[in-house]
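**Q** The structure follows.
Derivation of every value follows stated rules applied to the coordinates shown; laboratory data play no part. Everything numeric in this text was worked out from a predicted model, so none of it was measured. Virtual Cβ from ideal backbone geometry, glycine too; neighbours counted across all protein chains shown.
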Amino acid sequence: MKLFYTRFLVILLASCTVVSKNYNPNKKYSREALQQDYGLLRRILEKEHPSLYWYTPRDSMDYFFDAGYRAIADSMTELQFGWKILAPLTAAIHCGHTSFSMSPSWNRFVKNKAIPSFPLYLKVWKDTMVVIYNLNQADTLLKKGTIITAINGISSSDIIRIMLDYMVQDGYAANVNYLRLSESFPYFHRNIFGLYKFYRVGYLDSSGVAKDTVLPYFEPPVDSLKKFKKLPHPDKNIQKLPRREEVRTLKIDSSYALMTINSFSKGHLKHFFKKSFRRLHRHQVSNLVIDIRTNGGGDISNYVLLARFLRNTPFKVSDSAWSQAKNFRPYTKYITAGFFDNLGLFFLTHKEKDGKYHFGYWERHEFMPKGIHHFQGATYILTNGLTFSASTLFCNTVKGQPGITLVGEETGGGWYGNSGIMIPDIKLPNTGLRVRLPFFRIVQYHHISQKGTGVLPDVYLPPLYRDIVSGTDTKLAWVLQKIKQGGRPTATE
């Protein structure tokens, strides 16, 4: 199959969109300008990143840095530089909080614009790809549940392996990226492999016989390429509750309560947790299900409060939390909010004998279980690869406690530890691209000895083909069946 557009080239249909007078997505930056941005990025990462060599040895990281520099052989667009150079570099660090993003100008340009793409959304796990939605709705051949074996002559296992080399993760916990691919397969395939006018797709038919077919790329209707009209501003008071419910909800049934927490950042969580556990106590709920399968993390203090309502013994956030440097100098001007971050670091960190700058509060402060409305029933916590960052710290804090059972899949965040707390962006001056820079390395409280995995569930429930096709929530169904049977498992089940 022939590339319809050059690999990594901007594939917006410019003739059908209004291009900003101040921004041209097809602009090519000179080799010298790209090398300047790349060299600056390398110097900042080598000086400031606390975990640059945590999973990738220094000599190997030097190899990746040098290889990326050599790959800048000619001028490139912003999109090319991001996906061809920065994506594989940040993936090599194995830090889930160190990722690149396009410039603010690019993001404004693509906002509310539909882009041509590979036509299939696929559920991806391990070496398997299954159709969950076909953008070309007139195509009745590749329906939901069809197993895809190859695209353009590349096997499904090789496609997944190649794509993972462009995606960041904590250590070797790739589970988060299987879910990212499942949510946005056309996006990642387009940016990594390029856009083709036609795709030769291998698949298994209903009898399990290997076949292949040719699919056209998905081209959105012309009208959908126009910016959506701005809707009148809604009444804030009316919209407040639904917006919060996108972050957290509590539903009480006759035999259990389901608490969904999609973030530890928003939703006035401190008030929500106090009110929720008061309700659980009043309704005498004996089974609590906490769903954090799409919780990418957030404010540490929010997860700490939730853990205090569940854990029976005192705990700390970390065994250690430290940075390599006291501040971002001499690179402050390239760091978002760099001046204010430097000010905060001056007051919050102190240098210890190991030469590191420690965030002592999270290392020393001991948190006590809640005395009022502390939950004493059976607790089931649903996890998967999108359970990340602060939600992984939460899982580590409650795992092993009597009456608490983690159900689902390995978390995407590192069990031994991760890098975070303060995560500004590095702003590259020529291209405007951004790279996230976690400033502290956190080693979990009472961490496991082996680093590299996410927090493992007590009851492992992987994706099942039949449930993907039927749309069954395997993990929640297992928990509800357990509750129905009157089970009260512990973390040792």
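**Q** How much mean residue ellipticity at 222 nm does the chain get from its helices, if each DSSP H run of length 4 or more adds -39500 (n - 2.57) and you divide by all residues, to the nearest 500 deg cm²/dmol? Provide the component values of the computation, followed by the final result.
**A** Working: 14 runs with 150 residues, N = 493.
It comes out at -9000 deg cm²/dmol, rounded to the nearest 500.
**Q** Additional query: Among the trypsin sites (Lys or Arg not before Pro) within the stretch 353-459, which fall in a DSSP loop and have no more than 15 other Cβ atoms within 10 Å of their own Cβ?
**A** Details: sites: Lys353, Lys356, Arg364, Lys370, Lys399, Lys427, Arg434, Arg436, Arg441, Lys451; in loops: Lys353, Lys356, Lys370, Lys399, Lys451.
Sparse-neighbourhood loop trypsin sites (Lys or Arg not before Pro): Lys353.
**Q** At a Cα cut-off below 17 Å, give the aspartates and glutamates reachable from Lys475, other chains included and same-chain residues fewer than 8 away excluded.
**A** Result set, ordered by chain and number: Asp291, Glu409, Glu410, Asp458, Asp467, Glu493.
**Q** Within 10 Å of each candidate Cβ there may be at most 13 other Cβ atoms; applying that plus a DSSP loop requirement, which GluC sites (Glu not before Pro) in the stretch 286-381 survive?
**A** Details: sites: Glu352, Glu363, Glu366; in loops: Glu352, Glu366.
Here the sparse-neighbourhood loop sites are Glu352, Glu366.
**Q** So what is the relative contact order of the chain, in percent, for Cα pairs below 8 Å that sit 6 or more residues apart?
**A** Values: 1003 pairs, mean separation 87.2, N = 493.
Worked out over the chain, it gives 18 percent.
**Q** Here's a follow-up. Taking amide H positions as placed 1.01 Å from N in the peptide plane, with prolines and chain starts having none, which residues 5 or more places from Leu406, or on another chain, fall under 5 Å of its amide H?
**A** Under 5 Å from the amide H of Leu406: Ile381, Asp458, Val459.
**Q** Another question about this same structure. Using the structure shown, select from Lys27/Lys266; Lys123/Lys484; Lys28/Lys123; Lys353/Lys427; Lys144/Lys211; Lys370/Lys399 the pairs with a Cα to Cα distance greater than 27 angstrom.
**A** On the way: Lys27/Lys266 37 Å; Lys123/Lys484 30 Å; Lys28/Lys123 35 Å; Lys353/Lys427 32 Å; Lys144/Lys211 16 Å; Lys370/Lys399 17 Å.
In this structure, Lys27/Lys266; Lys123/Lys484; Lys28/Lys123; Lys353/Lys427 lie more than 27 Å apart at Cα.
**Q** State to the nearest 20 debye the size of the charge dipole of the stretch 120-219 about its Cα centre, where the only charges are +1 on K and R beta carbons and -1 on D and E beta carbons. Don't skip to the end; give the middle numbers.
**A** On the way: 10 positive and 9 negative charges, 27 e Å.
The dipole magnitude comes to about 120 debye.
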